[in-house]
Amino acid sequence: MLGFLSARQAGVDDPLRLRRAESTRRVLSLKLNPDRDVDRIHGNGINTIDIDAIEGRYMLSGGADGVIVIYDLENHSGKQQYTCRPVRTVGRSSRHVHKFSVETVQWYPYDTGMFVSSSFDKTMKVWDTETLKPAEVFEFEGNVYSHHLSPIARKHSLIAVGTKNPKIQLCDLKSGSRIHVLQGHRAEVLAVRWSPRYENILATASADSKVNIWDVRRASGSLFTLDQHNGEKSKASSQAENTAHNGRVNGLCFTSDGLYLLTTGTDDRMRLWNSATGKNTLVNYGKVCNESRKRLQFSVSHGCSPEFVFVPCGSSVAVYALHTGELITMLRGHYNNVDCCEFHPDYQELYSGGKDGNLLSWVPVVRTADVEEEPNGENKVAVGLSAVNPAFQDNWSSDED
């Protein structure tokens, strides 16, 4: 730490290097926080969570009971031990509550005054945070598995929606109507994700084992379909179409810079793709347990070197190095399967929710104080001993006395 500070002060090092190094250290030391609880409101499992990008203070959660909760993550008590309390709840007593399981919740990217939820009751609702009433309700023919708002879009206000219907729906927030349909899948669309780099690029994952990349300005179809074999299928292969996995693809996540795309499938595999070329980078993450028949929400770190992937794996959260595939650690604390996790880039914290109805917070271990090293090993020992034993303290008088 002292070396980083002196190098930055002297101007011989990149100012961001210290931040990246400390962020990486904090992620590597993540532990279940015994001092912070999150109030248990959901009666059943938690399917989805989202932390607002504006203040990094409020967290949305959606459960299998149809309930939506807004939590305040800040510590207002001034004590080390505290509980994150709900500030607003769309409970079962509300006439606007979703009838069935809430599958996705997301804050409006530019303001916490609005959020969007979608559910197995075949609706997607745009909520006013202040009144907790839907400002707009979109109805669909089948269950809604996933929706996503672009985090960077300035020229459009489209919500991509994946449903039981193989067609991806594009809904416009401004007009309150469905304006476009993307056709290319042959089964239900389990996950949709806008690129954080280009506002018109959309990735979609389906139960037909495909992941399509779209430019929504084009009407002719998808840009390309991801191929796990990179076009090198054996001649004996009976598969004529490109597939990203050998099972249902139920998870999508771009890296924060938008250069790479991660996918998860029920073949117990996770793959990393170059989002510009669609090439499989062939990073081997090993077996990543995935039994979910719905969307799996996982997360990627931001501001670390190297970056890390947090993915639900049974009743644990597996932490992998993004570009090497190395399993760093398993975060254990849930009593049942984990369905969602969300990384907080401001504090390098992780929140996870599962079928046990618990929301757990994983926080970095506090750094211990640095000790300056003496160039002479004997002096270093003496310094260490003098802090413990008064016999080693310097009792010489100075000339000034």
Worksheet entry | Among residues of the range 106-127, those that are of a type outside the set (Phe, Trp, Tyr) and farther than 23 Å from Ile46 by Cβ, counted | 2
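When you check Glu342 against the structure, is it at pLDDT below 95 and either among the charged types (D, E, K, R) or in a strand (DSSP E or B) (or both), yes or no? Talk me through it step by step, then tell me what you get.
Values: at pLDDT below 95: no; either among the charged types (D, E, K, R) or in a strand (DSSP E or B) (or both): yes.
The answer is no for Glu342.
One line per residue, one yes/no per condition, for (1) open to solvent by 50 Å² or more (accessible area, probe 1.4 Å); (2) under 30 Å from Tyr198 (Cβ atoms):
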| site | (1), (2) |
| --- | --- |
| Val309 | no, yes |
| Cys313 | no, no |
| Glu326 | yes, yes |
| Gly333 | no, no |
| Tyr351 | no, yes |
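Quick check on this structure: which one of His76, His98 is more than 18 Å from the chain's Cα centre (by Cα) and at pLDDT 95 or above? If you could, list the steps in order and put the result at the bottom.
On the way: His76 fails: at pLDDT 95 or above.
That would be His98, the only listed residue that is more than 18 Å from the chain's Cα centre (by Cα) and at pLDDT 95 or above.
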Worksheet item: Which one is most open to solvent (accessible area, probe 1.4 Å) among residues in the range 86-110 that are more than 26 Å from Phe298 (Cβ to Cβ) and out of contact with any strand residue (DSSP E or B) (no Cβ under 6 Å at 6 or more places or on another chain)?
Response: Arg95
Worksheet item: Looking at Ser146, Ser119, which one is touching a residue at least 60 places away in the same chain (Cβ under 8 Å) and either closer than 25 Å to Asp208 by Cβ or hydrophobic (A, V, I, L, M, F, W, C) (or both)?
Response: Ser146
Worksheet item: In the range 150-186, what residues are under 20 Å from Val249 (Cα atoms), open to solvent by less than 30 Å² (accessible area, probe 1.4 Å) and either touching a Gly at 6+ places or on another chain (Cβ under 6 Å) or hydrophobic (A, V, I, L, M, F, W, C) (or both)?
Response: Ala160, Val161, Thr163, Ile168, Leu182
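Going by the conditions given, is Thr24 closer than 30 Å to Leu190 by Cβ, touching a Cys at 6+ places or on another chain (Cβ under 9 Å) and either of a type in the set (Lys, Arg) or open to solvent by less than 60 Å² (accessible area, probe 1.4 Å) (or both)? Show your work before the answer.
Working: closer than 30 Å to Leu190 by Cβ: no; touching a Cys at 6+ places or on another chain (Cβ under 9 Å): yes; either of a type in the set (Lys, Arg) or open to solvent by less than 60 Å² (accessible area, probe 1.4 Å) (or both): yes.
No, not satisfied.
Mind listing just one residue for me: the one in the range 193-213 that is closer than 14 Å to Ala153 by Cβ and touching a strand residue (DSSP E or B) at 6+ places or on another chain (Cβ under 7 Å) and, of those, most open to solvent (accessible area, probe 1.4 Å)?
Filtering the range 193-213 down to residues closer than 14 Å to Ala153 by Cβ leaves 193-202.
The next check asks that each one be touching a strand residue (DSSP E or B) at 6+ places or on another chain (Cβ under 7 Å); those that pass are 193-196, 200-202.
Details: Arg193: 69, Trp194: 4, Ser195: 3, Pro196: 39, Asn200: 29, Ile201: 32, Leu202: 0 Å².
Taking the candidates together, the pick is Arg193.
What about Asp35, is it on the phi < 0 side of the Ramachandran plot, touching a residue at least 24 places away in the same chain (Cβ under 8 Å) and in contact with a Cys (Cβ under 9 Å, 6 or more places away or on another chain)? Even if it seems obvious, please write down each step before you answer.
On the way: on the phi < 0 side of the Ramachandran plot: yes; touching a residue at least 24 places away in the same chain (Cβ under 8 Å): yes; in contact with a Cys (Cβ under 9 Å, 6 or more places away or on another chain): no.
No.
The values are calculated or read from the model by the stated rules, or taken from the named source; none is laboratory data. Just so you know, these numbers come straight off a predicted model, no measurement behind them. Note: ideal-geometry Cβ built from the backbone for every residue, glycine included; neighbour counts use all protein chains shown. Areas reflect the complete protein model, heavy atoms only, side chains present, ligands, DNA and RNA absent. Shrake-Rupley method; radii C 1.70, N 1.55, O 1.52, S 1.80 Å.
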